[in-house]
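As structure tokens, the structure follows; a few thoughts come after it.
The values are calculated or read from the model by the stated rules, or taken from the named source; none is laboratory data. Remember, predicted model here, so these are calculated numbers, not experimental data. Positions of Cβ are backbone-derived with ideal geometry, glycine not excepted, and every protein chain shown enters the neighbour counts. These area figures cover heavy atoms from the full protein model, side chains too; ligands, DNA and RNA do not enter into them. Shrake-Rupley method; radii C 1.70, N 1.55, O 1.52, S 1.80 Å.
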Amino acid sequence: MRRTARLLLRRPVEADLARFFAIHGDPAANLFNPAGPWRTLEQADATLSAWLAHWRQHGYGQWAVAALDNPGHVIGFGGLSLRPYLDVQRINLGYRFAPSAWGAGYATELAAAARDVGLDELALGSLYALVRPRHQASIRVLEKIGMRQVDLLDDVPGEAPSLVFRIDAAQCG
């Protein structure tokens, strides 16, 4: 478990499944997600199980996120995970918050914590993030924590390529 100025970040647990599905199944929370919101609880369950396995295998992963003033209510999920960028595995920084938590700076606070854990504590060297080109709020979050666009990734057929952001440990030293 980890704390930031306003957030509690903890490993997700199976009991988070309903909230996990509620956030990832919300059309507003998936406005820029080309895959769209999840439609079934089974999708959420399979992904949550994969996240829990990632934690067991690597010792880091996606956190369940709650505000310190309401630690029992998960407002989002995010952190670091191995993710394929087409045929290359990258350590990806990602997050998704309930729309009710938008606009409070939580994504930036979470992303900064994930950056610090990845680069300082885990010494991962480089972190990456993918963002859709029209998702200005997420682009600003990544820029605020020092990430810079380094490439494009044509990962969604029929859509504009995703923007690839990166930050290296040397940039934070």
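Structure values in brief
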quantity	calculated
Subset of the stretch 81-91 [over 18 Å from Arg148 (Cβ atoms) and either touching a helix residue (DSSP H, G or I) at 6+ places or on another chain (Cβ under 6 Å) or part of a strand (DSSP E or B) (or both)]	Ser81, Leu82, Arg83, Pro84, Val88, Gln89
Sole residue being out of contact with any Cys (no Cβ under 7 Å at 6 or more places or on another chain), in contact (Cβ under 8 Å) with a residue 60 or more places away in the chain, within 21 Å of Ser100 (Cα to Cα) and of a type in the set (A, V, I, L, M, F, W, C), chosen from Phe77, Phe20	Phe77
Hits in the stretch 80-91 (condition: open to solvent by less than 40 Å² (accessible area, probe 1.4 Å) and in contact (Cβ under 8 Å) with a residue 60 or more places away in the chain)	Tyr85
Residue, farthest from His73 (Cα to Cα), within the stretch 6-58, restricted to residues that are of a type in the set (A, V, I, L, M, F, W, C) and not in a helix (DSSP H, G or I)	Ala35
Subset tally (residues that are of a type in the set (A, V, I, L, M, F, W, C), surrounded by 13 or more Cβ atoms within 10 Å (Cβ to Cβ) and over 16 Å from the mean Cα position of the chain (by Cα)) for the stretch 47-79	1
Qualifying residue in the stretch 24-38 (condition: farther than 24 Å from Ser138 by Cα, open to solvent by less than 40 Å² (accessible area, probe 1.4 Å) and touching a residue at least 40 places away in the same chain (Cβ under 8 Å))	no
